[in-house]
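Just below is one structure, and these are the notes that go with it.
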Amino acid sequence: RVHGERNALMERIYPKLKNYCRSKYGLDFQVVDMRWGVRSEASDDHLTSYLCMRELANCKRLSLGPNFINFLGQKYGYRPFPVTIPATHFEPIKESLTNHENYGL
């Protein structure tokens, strides 16, 4: 379903928006889809969020005009692990996992 929605946006909607922005305001409308081009290796290494945030920073840095971010989708349940976990968060997690009393065993 998501691919069908993406294809429809790319084929029908984005070209119209691009033409409208250019003809009406002289602006260049660009699409950055955060999930296209993110390889499985990046997901496996928990780099997806990092790569998306880096791309957002690049778009903001390179843009001469307004920035707009819209999150579309209906994908629920996926929450990637962070690339790094601060020691102040990791140590209590590690302690709770190594302390079997917390599990009532």
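Each reported figure results from applying straightforward, stated rules to the coordinates on display, with no laboratory input. Here the structure is a predicted model, which means the values were calculated and not measured. Reconstructed Cβ throughout: ideal geometry from the backbone, glycine too, with neighbour counts over all protein chains shown.
Computed quantities for the displayed model
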| item | result |
| --- | --- |
| Listed peptides 11-22, 47-58, 83-94 by packing density, highest first (mean Cβ within 10 Å) | 47-58, 11-22, 83-94 |
| Cβ-derived FRET efficiency at R0 25 Å, N7 paired with R54, nearest 0.05 | 0.45 |
| Sites T84 and R61, calculated FRET efficiency, Cβ-Cβ separation with R0 22 Å, nearest 0.05 | 0.45 |
